[in-house]
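Beneath this line is the structure, given in structure tokens, with notes to follow.
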Ligand SMILES: [Zn+2]
């Protein structure tokens, strides 16, 4: 027999750190239902690790938004960077000769 809804709510287990990780994007998007949001925030109130993780997540989002405001680098810089990478990716590893027995 299934317990009545109010009892299930009353004895609902607290969210785990894994749950917080799973719901963090929905939380930041303000997309969690009220009861889940309350459980999420109850977990944050007693979990320093998840609170720090949420703060770091918010900081990262702010940095990405800030970076989106920056002008793109000059095309010449992108060309030089790609040429540099291509040259180094195509080059044999520094110890290739030492490993080659021929
Ligand atoms: Zn936690």
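Bear in mind these aren't lab numbers, they're just calculated from the coordinates by the rules spelled out. In this text, all values refer to a predicted model and were calculated from it rather than measured experimentally. Neighbour counts are summed over all protein chains in view; Cβ atoms, including those assigned to glycine, are modelled from backbone coordinates with ideal geometry.
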Nearest 10 degrees, 0 to 90: helix 75-90 Cα axis against the chain principal axis
80 degrees
In degrees, nearest 10, the alpha-carbon axis of helix 34-46 is tilted away from the dominant principal axis of the alpha carbons of the chain by 70 degrees
Ranked from fewest to most other Cβ atoms within 10 Å of their own Cβ, 89, 7, 36 fall in the order 89, 7, 36
0 to 90° range, to nearest 10: angle between helix 48-68 axis and the chain longest Cα axis:
50 degrees
Cβ-based exposure ranking for 61, 24, in which fewest neighbours within 10 Å come first:
61, 24
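What number do you get for the stretch 9-90 when its Cα radius of gyration is normalised by 2.2 N^0.38 Å, N = residues? All intermediate terms of the calculation are to be shown ahead of the outcome.
Working: Rg = 20.4 Å, N = 82, 2.2 N^0.38 = 11.7 Å.
That works out to 1.74 for the stretch 9-90.
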